[in-house]
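All remarks here apply to the structure that follows.
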Amino acid sequence: MKKNLFIVAILILQSFMCSAIEGVTLKGRIVDPTNVPQPFATVLLKSGIDSSLYKGEITNDKGQFLFENLKDGDYYIQIQIVGYEKNIISPIHLELSNPMVDLGTIRMKAGSKELATVNVQAEKPFIEQQTDKTVVNIENSIIQNGSSIMEVMEKLPGIMIDQNDKISLRGKQGVIIMIDGRPTGMSGQDLATMLKGIPSSNIQKIELITNPSAKYDAAGNAGIINIVMKKNKREGFNGSVSTGFGQGRYSKYNGSMSLNYKNKNYNLFLNYSYAKRLGFNNLTIDRKFYNANDSINTIYRTENYILYPTESHAPRIGIDFYLSPKTTLSLLGSGGTTQFRPKGVDNTKILDGNEQVIYSYDFVSDSKDNWYNYSGNAELKHQLDSIGQEITVDLDYAKYWNTTNQSFLTTYHHSDGSFMSEDDLLNEQKSDLSLYSLKADYSKPLKKEYSFDAGLKSSYVSSDNNILFYSLMNSEETFDSARSSHFLYSENINAAYVNLKKNYKKVSYQLGLRSEQTIARGKQLMNLKTFNRSYIQVFPTAYINFKPSEKHNLNLSLGRRIDRPAYEQMNPYRSLINATTYSEGNPYLLPQLTYNTELSYSYNNAFFAQFTYSLTEDNITDVLIQDSETQTTSQTVVNLNKLNFYSVNLSYSKKLTKWWSTNTSLLTYYGMYSGTIKNNYISQGTPSIYLNTSNSFFIIDGLSAELSFRYSHKALNGITTELTTYNLSAGIQKTVLKKKGTITVNMSDILWSAYPSGVTEFDNVREDWTAKRDTRVLNVSFAYKFGKGKSAKMRKNTGADDEKGRIKGG
């Protein structure tokens with residue numbers, strides 16, 4: 001399949017490169033007011049009838065441009081250079097009888113230099129609301145310094161992370177995490193572990209895409225979170241170093257280095273980051289089991305405290321080869337190692353309905369985890385002409401693996417505290433995940449403001465998760481086959497998509513269609529349970545944009561998306577949490593399908609409103625199931641029949657004064673869950689409110705501050721109600737050493753109120769829980785930039801960016 005995709009991509013490339021038509025040639029030369037040639041000037045050739053774009057070119061180092069193979073007719077050209085007035089040459093009449101037309105030397109007029117200076121120096125706001133996504137510029141944030149990616153995302157607008165490190169966006173789970181536009185292939189605790197090991201100093205921005213177009217993978221009913229890593233944009237040699245220290249209940253250290261060199265032939269960059277952090281999770285649980293008459297039968301009261309020492313290394317190297325003005329070959333390699341040494345102490349008391357102790361146990365865990373990953377990407381991008389027709393081919397490979405050695409000691413006590421018995425377990429775990437992907441994308445601007453995109457993709461993921469348990473008695477190890485697991489999983493997804501865009505004077509639309517074939521297989525070697533999935537799904541998307549004036553804009557989007565179960569969710573292995581609680585996968589879990597509708601409005605690019613409705617079928621839901629005979633609790637996942645989800649999101653982004661800028665959003669949402677779980681029908685929903693405001697303040701030249709506040713009202717997620725949290729964070733930043741150095745001091749979660757808590761109710765069980773974490777941290781960091789690199793000029797593939805940008809709908 002991969003070989004066939006590559007051949008198709010090459011054939012498409014060849015067919016368009018060879019499609020030349022004879023016609024008229026139009027040329028000219030552009031100079032400044034002193035007759036100095038102007039390279040990299042944008043020259044647009046437009047129709048004299050309807051002003052539609054016909055072709056675009058970039059002048060060479062002598063200021064010359066050339067249009068070939070033109071049809072006869074009436075045209076005009078538009079010339080754009082930063083710092084000069086726009087120049088229009090009209091009319092231009094071409095006839096086949098005159099195959100060569102020379103416009104001679106065209107002299108530009110100087111424009112406003114002050115305007116050019118402002119554009120170069122302007123800093124992007126922390127949060128940018130765009131038509132199809134929200135962009136959070138992490139590198140501009142004062143209060144994000146010294147954090148990991150996982151900690152950063154907890155503070156972003158609309159993102160919530162629960163006690164199990166599951167990520168939701170605008171109140172909905174089912175989020176796909178991408179890095180530089182590529183899926184990580186990970187989920188659950190594996191994903192959380194990786195994100196905790198990457199420092200925020202490596203991040204340029206994070207894109208929140210709630211209703212992606214057909215170009216993106218169809219996975220993720222809540223949308224996509226795309227993490228964009230920093231990359232050099234300056235010519236010559238330059239770099240930066242940074243270091244930071246944080247103190248919460250425990251200390252945290254981080255450091256990073258970046259080296260870059262860029263010239264007209266290639267761009268080479270190298271990044272390395274290091275982090276050493278100590279965190280904790282203090283989980284308290286009050287779990288009550290009720291009789292049929294609503295009286296309390298049994299209470300399990302747990303106090304769990306885990307320390308998380310973490311040490312990570314993350315190198316990254318890449319190079320872009322500019323093979324020609326229209327062809328770029330990019331190679332990227334990254335890797336990482338993370339060492340975890342979590343140690344946990346758990347005390348659980350089992351009480352009767354009168355809260356008298358029946359018995360208790362202490363559960364002590366000690367773990368040594370080593371996580372490794374590396375990945376490689378090769379991308380070939382070729383511009384087929386000067387107005388945006390291009391083809392891109394990507395080849396990706398990634399490997400993630402870890403080794404874990406754990407010990408679990410459970411000591412049981414009688415009601416009076418005297419010794420009852422002891423259970424000693426050892427665990428060895430080896431996990432391996434490999435990801436292969438090949439894709440080809442093609443885009444072509446058409447006449448009359450049409451644009452066409454198409455692409456193919458094939459990906460393959462294989463996972464091998466081997467977990468071995470041993471009972472330890474009198475220093476002798478005995479293999480425990482009941483607790484052990486060896487799970488194999490593979491998934492192959494083959495996809496194709498098409499997009500058609502059309503732009504009118506005030507209206508633009510985009511229609512897309514994506515088809516995905518999924519082939520998944522799983523096998524539990526210990527009990528020989530297997531499952532096979534094979535299906536084809538179609539995912540249409542539609543966008544329409546109406547701009548009645550410069551200040552007002554309306555956008556309507558429709559789409560269908562899918563969430564496939566993560567491989568660990570389908571593994572029937574029982575993972576030990578403590579002596580009476582375990583988590584278990586469900587091999588019969590089905591994918592969930594979501595239909596999304598969103599209407600958005602913007603005013604003056606400052607006020608934004610989004611109205612959303614979605615229907616999810618076979619919603620993947622976390623549940624607690626109690627075994628009344630063994631008095632044990634299983635955390636598992638099931639398919640719930642339906643989730644109806646409604647939301648309204650209001651955002652305001654504005655520079656209020658010369659010294660104060662704000663980005664504020666208010667999200668209200670309501671989810672109605674309905675379906676049957678273990679013969680129990682549920683139909684429940686709770687409205688919720690989420691407020692996020694981020695404010696930056698200019699104090700004096702080189703000194704600025706930032707203040708943010710986040711409030712999340714209680715919300716329902718399946719059968720769990722997550723209670724209210726709020727987060728107040730502040731920071732101040734000072735530039736030093738001739739503005740090459742930056743000192744930042746910030747404090748996150750000043751009131752220590754951002755940790756999650758909630759209530760889970762199902763059947764005859766009610767569980768009240770709180771998970772306190774090391775979220776209140778004082779960070780001090782220093783960063784220094786060096787080198788004399790200058791801003792690089794735009795490459796030649798930007799000849800018609802304005803025209804192309806006008807018709808982007810998703």
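Apart from one condition, Thr328 fits all of (1) open to solvent by less than 30 Å² (accessible area, probe 1.4 Å); (2) of a type outside the set (D, E, K, R); (3) free of Cβ contacts under 8 Å to residues at least 40 places away in the same chain; the exception is (3).
Inspection of the range 612-630 finds a residue satisfying the criterion of being surrounded by 16 or more Cβ atoms within 10 Å (Cβ to Cβ) and farther than 24 Å from Pro687 by Cα. Only one entry in Ala314, Ala275 is touching a helix residue (DSSP H, G or I) at 6+ places or on another chain (Cβ under 8 Å), open to solvent by less than 40 Å² (accessible area, probe 1.4 Å) and not hydroxyl-bearing (Ser, Thr, Tyr), namely Ala314. Restricting attention to the range 345-398, the residues being more than 23 Å from the chain's Cα centre (by Cα), open to solvent by 30 Å² or more (accessible area, probe 1.4 Å) and among the acidic types (Asp, Glu) number 6. Scanning the range 543-567 for residues that are of a type outside the set (A, V, I, L, M) and either under 30 Å from Lys349 (Cα atoms) or assigned to a strand (DSSP E or B) (or both) returns Tyr543, Asn545, Phe546, His552, Asn553, Asn555, Ser557, Gly559, Arg560, Arg561, Asp563.
Tally up the residues in the range 280-302 that are part of a strand (DSSP E or B), polar (S, T, N, Q) and either open to solvent by 60 Å² or more (accessible area, probe 1.4 Å) or closer than 30 Å to Gln247 by Cα (or both), please.
Going through the range 280-302, the residues part of a strand (DSSP E or B) turn out to be 280-290, 296-302.
Narrowing further to those that are polar (S, T, N, Q): 281-282, 284, 297-298, 302.
If we keep only those that are either open to solvent by 60 Å² or more (accessible area, probe 1.4 Å) or closer than 30 Å to Gln247 by Cα (or both) too, we end up with 281-282, 284, 297, 302.
Result for the range 280-302: 5.
Being among the β-branched types (Val, Ile, Thr), in a strand (DSSP E or B) and surrounded by fewer than 18 Cβ atoms within 10 Å (Cβ to Cβ) is the filter here, so list the residues in the range 73-91 that pass it. Show your work before the answer.
Within the range 73-91, the first condition is being among the β-branched types (Val, Ile, Thr), and the residues that meet it are 77, 79, 81-82, 88-89.
This time we only want the ones that are in a strand (DSSP E or B), so: 77, 79, 88-89.
Ile88, Ile89 - these are the residues of the range 73-91 that are among the β-branched types (Val, Ile, Thr), in a strand (DSSP E or B) and surrounded by fewer than 18 Cβ atoms within 10 Å (Cβ to Cβ).
Evaluation of Leu70 against the conditions (1) open to solvent by less than 60 Å² (accessible area, probe 1.4 Å); (2) touching a residue at least 40 places away in the same chain (Cβ under 8 Å); (3) of a type in the set (A, V, I, L, M, F, W, C); (4) closer than 14 Å to Gly28 by Cα shows that the sole unmet condition is (4).
Those residues that are modelled with pLDDT of 75 or more and under 18 Å from Ser168 (Cβ atoms), I need them from the range 196-208; list them, please. Please lay out each step first, then the result.
Filtering the range 196-208 for residues modelled with pLDDT of 75 or more gives 203-208.
Ile206, Glu207, Leu208 - these are the residues of the range 196-208 that are modelled with pLDDT of 75 or more and under 18 Å from Ser168 (Cβ atoms).
Within the group Ala9, Ala20, which residue is modelled with pLDDT under 80, open to solvent by 60 Å² or more (accessible area, probe 1.4 Å) and either in a strand (DSSP E or B) or small (Gly, Ala, Ser) (or both)?
Values: Ala9 fails: open to solvent by 60 Å² or more (accessible area, probe 1.4 Å).
Result of the check over Ala9, Ala20: Ala20.
Scan the range 461-480 for residues that are open to solvent by 40 Å² or more (accessible area, probe 1.4 Å) and free of Cβ contacts under 8 Å to residues at least 40 places away in the same chain and the total you get is 7. The residue that is nearest to Lys46 (Cα to Cα), among those in the range 92-113 that are assigned to a strand (DSSP E or B) and open to solvent by less than 40 Å² (accessible area, probe 1.4 Å), is Ile92.
Taking the options Ile49, Ile30, Ile58, name whichever one is closer than 16 Å to Ile88 by Cα, open to solvent by 80 Å² or more (accessible area, probe 1.4 Å), at pLDDT 65 or above and of a type in the set (A, V, I, L, M, F, W, C). Show your work before the answer.
Values: Ile30 fails: open to solvent by 80 Å² or more (accessible area, probe 1.4 Å); Ile58 fails: open to solvent by 80 Å² or more (accessible area, probe 1.4 Å).
So the residue among Ile49, Ile30, Ile58 that is closer than 16 Å to Ile88 by Cα, open to solvent by 80 Å² or more (accessible area, probe 1.4 Å), at pLDDT 65 or above and of a type in the set (A, V, I, L, M, F, W, C) is Ile49.
Quick check on the range 717-730. Is at least one of its residues small (Gly, Ala, Ser), open to solvent by 20 Å² or more (accessible area, probe 1.4 Å) and under 26 Å from Ala222 (Cα atoms)?
The first filter runs over the range 717-730 and keeps only residues small (Gly, Ala, Ser), leaving 718, 729-730.
Keeping just the survivors that are open to solvent by 20 Å² or more (accessible area, probe 1.4 Å) gives 730.
Narrowing further to those that are under 26 Å from Ala222 (Cα atoms): none.
No, the range 717-730 contains no residue that is small (Gly, Ala, Ser), open to solvent by 20 Å² or more (accessible area, probe 1.4 Å) and under 26 Å from Ala222 (Cα atoms).
Looking across Tyr535, Tyr567, one residue alone is within 29 Å of Leu593 (Cα to Cα), at pLDDT below 80 and in contact with a strand residue (DSSP E or B) (Cβ under 8 Å, 6 or more places away or on another chain). It is Tyr567. On inspection, Thr735 does not qualify as open to solvent by less than 50 Å² (accessible area, probe 1.4 Å), part of a strand (DSSP E or B), at pLDDT below 90 and not charged (D, E, K, R).
The values are calculated or read from the model by the stated rules, or taken from the named source; none is laboratory data. Just so it is clear, the model here is predicted, and its values are computed rather than measured. Neighbour counts are summed over all protein chains in view; Cβ atoms, including those assigned to glycine, are modelled from backbone coordinates with ideal geometry. What goes into the accessible areas is simple: the full protein's heavy atoms, side chains included, and nothing from ligands, DNA or RNA. Shrake-Rupley method; radii C 1.70, N 1.55, O 1.52, S 1.80 Å.
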